[in-house]
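Written out below as structure tokens is the structure these notes cover.
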Amino acid sequence: MVEVAMLAVGLLVLLLTLGVPLPWCFGGAIMVMYFVGDVIMKGNILWGVQQLGNPVLLAIPLFVLAGTIMSESGIAASLLRFVNAFVGHVRGGLGVVAAVSCAVIGAISGSGLTGIAAIGPLLIPEMEKRGYPRAYATALIANSSILGLLIPPSVTMIVYGWVTDTSILACFLSTLLPGLIIMTNFSVVNLWLARKFPLVLDDKPSLSELSSEVTKRGIHAFPAILMPVIILGGIYGGIMTPTEAAAVAVIYSVPVGFLIYKGLRWDNFLAAGKEASTAVGAIMLMILFSMILSQIFVMESIPQKLVSAIFEVTQNRTLLLIMIIVMLLLVGMVVNDVTAIILIAPLLLPLMTAIEVSPIQFAAIMGVTTAMGGVTPPYASILYLGARIGNVPVTSVIRPAMFLILTGYMPVVILTAFWPDLSLWLPRLFGYL
Amino acid sequence: MERIVQILLTGLICTVALGQFVQVITRYVFQTPVMGLEETMLYPMFWLYMLGAVNASRENSHIRANVLEIFLETERARIVLACLGEVLSLIIGLWLLTWVWDFMRYSWRVWRESPTLYIPVFYADVALLVAMVLMLAWSALHLMRHLRALAGGQAHG
Amino acid sequence: RDLKLSHVRPQDATIDVEVRAFAGAVAAATGDRVKIEVFPASALGDYTTVQERISVGAIDMAVQPAGTAADRRMQISSFPFLAENWEQARAVYGPGGAVREAMVELYAAQDITMLAAYPVYFGGIALNREAVTPGSTDPNGIKVRVPGIKSFQLTGEALGYIPAPIPFSEAFTAVQTGVVDGVIGSGAEGYYASFRDVTKTYIPANTHFEVWYMIISNESLSDMSEEDQATLRAQAEAFEATRWTVAEADQGVNEQKLAGLGATIVSLSDAELEAMAAKVRETVWPQILEDVGADWGQAILDAVAQ
Ligand code: NA
Ligand code: NA
């Protein structure tokens, strides 16, 4: 049966390569299991539909909508200006602003797209005006945008917690430190690269100018800064569940966007609602069929069989971790983050348990690698969106993006895999372990 | 059409958000959670997912990994690939549709109810059938467009 | 023939051990013609889903609570304060019991055969804080998570708590962060399995009698030879008989396990328990009876009363 499962996954990848929409790719794999593997299909749609009914998943569309609204409404822009008040005048500071703003936005949005969608249109032209190469600016913001998936809340961690039955709050915390290190890496690499750019700098402001500017922008950004406080404070302070926090984020951002920042109007509000719903509809249908495939695997005990097959090759923990990371990076190249988690997490969790990697550390490993998949070609949705927003050819963004991936991400991927405390320290501190 | 879709989808997602929000307020502020609210949310939620998926088909914006497309040189080759993709989608989709139909008959026959308000679950389930049919219809439409483009290309030599 | 059996507790939990022993006995008695493969921890879906999948023949067997989605009358199985002690429980839910016989019929209508009842525990309330007047039914301002089952919501309210409906998947986190102060609808065994790290107080209020059923799809059953069917039924009967002899002690063991982790086990007097039962009978019973059909439900209650 493992062979049939391999065949099914093989067809899945083939269909993906041909550009067939994801839900049907999973459908094709299910067909293989049915016609070749002779599994029962009866009652499987029922099962998939009931999985979709889980309110935990509702957090996905809501966090996506909150992110879309914050980029349309000017909420994100005010956060950007606030961060910029601190370091905008430093040589290379604008690049640091990009990384830090994406992290701050990440504390509201659960998706990896919000950063680039929200601040790309503002910051890319500004950075180019100040002497940064346009392709580099685009690559930097697209890469930083992924922090939205690593700084809680995070759609991928919701899905991981859901499919593996792990505390979502602990999963959120597991990627926080890796995310902050990535942010720091990007800032440092940017400062180093910036030495060679012909940058135009503002005069260094005096301390009083600086503090008055920070205060002014801080007051303006206050309603926006309140958002992460409400969301994360609400979740970790025991006021609401993650799903409810996502709803509160939406409900809060609507009046703030309409009345305070005034970027939200009926037309772009309705467009944002449609965008979020459509993105989520596509994800949910994919989840429906991928859950069915994954349940077929469970009923045929494929995960356990896979573990014994792998253990026949090697039982060396280091080697296995390296193999898994390489595999996750390859998977991240061809599918998006949520898909990768639904497909891989249930398959590999038994293996992780066998080599004594905690489900929460595995959450961080999967979180960091699959998030990175958003910027690794050939399927690099976040990078492509960035190229579209930055109005630069994809081919010119890939080089600077790869450089940032190698310097910013890869070290953290390795750290996360081999240094458990990096992902476990915070969950332990908060008592989730 | 676009406007109707926008209002419908935004309306659904806001309904769901509002429902969750009310739940927090009644539980945390008023200390009297509304019973049965969470099960009524299932219905707009499910229609939101399904109609969102239909709209993704309409806009042809389903998640795909267009790996091969990058390597194709001519527009014609791209259209041929797109045709192949739609044909495969239709084959798989129609097969899945038979099972969805099977599920619909089950849902109709058993007529399950939500736990406390006893709202028939069929009203949520049926969204899946509607979505599958509409999505496949759009797939067929895209396929016809591609085929026409191919034929048109030939006519121009 | 290979049968897939689902249950709701983790691997190595009491039920898991008992079901595996049952599977071994069936395999031995049928000369390995009937092999049962156990899927613990709701790996095949929650019990509502599994029950529906069994009714269409997609999964063969399960040992789990009754799901009420397909037939609201199945709420009779978790009717609050129906039995007051283990002796009564056995008379109501054991072989020949009124509720048991009603459930057999309801399952049959869903193409499911009930092979055995599996008594689990008397329900109680678990809190992540100290109790407030645990013996009284006056409003105490404590928010407890209730499952989406009407009788539990009403019972929670009748006992003075504020019932908050939170999905099971979010329940643990909600108790941990303090979105709610506790949980109602399960018992010592259930709280130990799913909430042991957040349970500071356990109130054994005997809210309901938790009983699971060993069920099999009619399709899977009729696929077997007459002889194997008879063997399976006999083994299931033995499985149930053994369980009735250990269930009460098992409940005590689970309470002790909670206490061992530092939880306070509140002890309630008979008078306090009787007052709770009276309040629930008066306020909750009529509403649930209304829902399940007053005549049908009352007939069962009358049979129980005898
Ligand atoms: Na985030
Ligand atoms: Na990728």
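The values are calculated or read from the model by the stated rules, or taken from the named source; none is laboratory data. In this text the structure is predicted, and so the values were computed from the model without any measurement. Note that each Cβ is placed from the backbone with ideal geometry, even for glycine, and that neighbours are counted across all protein chains shown. Only protein heavy atoms, including side chains, enter the accessible area calculation; ligands, DNA and RNA are left aside. Shrake-Rupley method; radii C 1.70, N 1.55, O 1.52, S 1.80 Å.
Some notes on this structure:
- Boolean, A:Ala142 is of a type outside the set (Asp, Glu), in contact with a helix residue (DSSP H, G or I) (Cβ under 8 Å, 6 or more places away or on another chain), within 16 Å of ligand 2 (Cβ to nearest atom) and open to solvent by less than 10 Å² (accessible area, probe 1.4 Å): yes
For (1) open to solvent by 20 Å² or more (accessible area, probe 1.4 Å); (2) more than 24 Å from the chain's Cα centre (by Cα); (3) within 30 Å of A:Val334 (Cα to Cα); (4) within 7 Å of chain A (Cβ to nearest Cβ), each residue gets a yes or a no:
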| site | (1), (2), (3), (4) |
| --- | --- |
| B:Thr40 | yes, no, no, no |
| B:Gly52 | no, no, yes, yes |
| B:Arg76 | yes, yes, yes, no |
| B:Val80 | yes, yes, yes, no |
| B:Ile91 | yes, no, yes, no |
| B:Leu94 | yes, no, yes, no |
| B:Leu97 | yes, no, yes, no |
| B:Trp108 | yes, no, no, no |
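- Condition met for A:Pro346 (away from ligand 1 (no atom under 16 Å from the Cβ) and away from chain B (no Cβ under 14 Å)): yes
- Here region A:377-392 is the region considered, the condition is being open to solvent by less than 10 Å² (accessible area, probe 1.4 Å) and more than 16 Å from ligand 1 (Cβ to nearest atom), and the residue that is nearest to A:Leu16 (Cα to Cα) is A:Ala380.
- Residue tally, condition open to solvent by less than 10 Å² (accessible area, probe 1.4 Å) and assigned to a helix (DSSP H, G or I), over region C:198-220: 1
- Residue match in region A:415-425 (condition: in contact with a Leu (Cβ under 7 Å, 6 or more places away or on another chain), within 14 Å of another protein chain (Cβ to nearest Cβ) and more than 14 Å from ligand 2 (Cβ to nearest atom)): no
- Taken together, C:Arg1, C:Arg53, C:Arg33, C:Arg72 contain a single residue that is surrounded by fewer than 21 Cβ atoms within 10 Å (Cβ to Cβ), at the interface with another protein chain (Cβ under 10 Å from one of its Cβ atoms) and of a type in the set (Lys, Arg), which is C:Arg72.
- The set of residues from region C:150-169 being assigned to a loop (DSSP other than H, G, I, E, B) and more than 14 Å from chain A (Cβ to nearest Cβ) comprises C:Leu159, C:Gly160, C:Tyr161.
- For region A:104-140, filtering for residues that are within 16 Å of ligand 1 (Cβ to nearest atom) and either within 19 Å of A:Trp192 (Cβ to Cβ) or outside any helix (DSSP H, G or I) (or both) leaves 7.
- Restricting attention to region C:96-110, the residues that are assigned to a loop (DSSP other than H, G, I, E, B) and closer than 20 Å to C:His7 by Cβ total 1.
- Matching entry among A:Thr407, A:Thr395, A:Thr353, A:Thr369 (being within 13 Å of ligand 2 (Cβ to nearest atom) and either open to solvent by 10 Å² or more (accessible area, probe 1.4 Å) or within 15 Å of the chain's Cα centre (by Cα) (or both)): A:Thr369
- Where B:Leu117 falls short, out of the listed (1) exposed (fewer than 15 other Cβ atoms within 10 Å of the Cβ); (2) touching a strand residue (DSSP E or B) at 6+ places or on another chain (Cβ under 7 Å): (2)
- Only a single item in (1) free of Cβ contacts under 8 Å to residues at least 40 places away in the same chain; (2) over 27 Å from C:Thr245 (Cβ atoms); (3) within 13 Å of chain A (Cβ to nearest Cβ); (4) open to solvent by 30 Å² or more (accessible area, probe 1.4 Å) is not met by C:Gly67, and it is number (4).
- Residue satisfying all of: in region A:174-200; within 12 Å of ligand 1 (Cβ to nearest atom) and open to solvent by less than 10 Å² (accessible area, probe 1.4 Å); farthest from C:Ala174 (Cα to Cα) among these: A:Gly179
- If you go through region A:52-85 and keep only what is more than 20 Å from the chain's Cα centre (by Cα), within 14 Å of chain C (Cβ to nearest Cβ) and among the hydrophobic types (A, V, I, L, M, F, W, C), you end up with just A:Leu52.
- From C:Gln229, C:Gln235, residue being touching a strand residue (DSSP E or B) at 6+ places or on another chain (Cβ under 9 Å), in a helix (DSSP H, G or I) and at pLDDT 95 or above: C:Gln235
- Those residues of region C:272-306 which are in a helix (DSSP H, G or I) and more than 18 Å from C:Glu84 (Cβ to Cβ), in sequence order: C:Pro286, C:Gln287, C:Leu289, C:Glu290, C:Asp291, C:Val292, C:Ala294, C:Asp295, C:Trp296, C:Gly297, C:Gln298, C:Ala299
- Identity of the residue in region A:387-400, part of a helix (DSSP H, G or I) and among the hydrophobic types (A, V, I, L, M, F, W, C), that ends up modelled with the lowest pLDDT: A:Val394
- The residues of region A:19-51 that are away from chain C (no Cβ under 14 Å), of a type outside the set (Gly, Ala, Ser) and outside any helix (DSSP H, G or I), listed by number, are A:Val20, A:Pro21, A:Val36.
- Region C:170-184, residues that are part of a helix (DSSP H, G or I) and either more than 7 Å from chain A (Cβ to nearest Cβ) or in contact with a Ser or Thr (Cβ under 7 Å, 6 or more places away or on another chain) (or both): C:Glu170, C:Ala171, C:Phe172, C:Thr173, C:Ala174, C:Val175, C:Gln176
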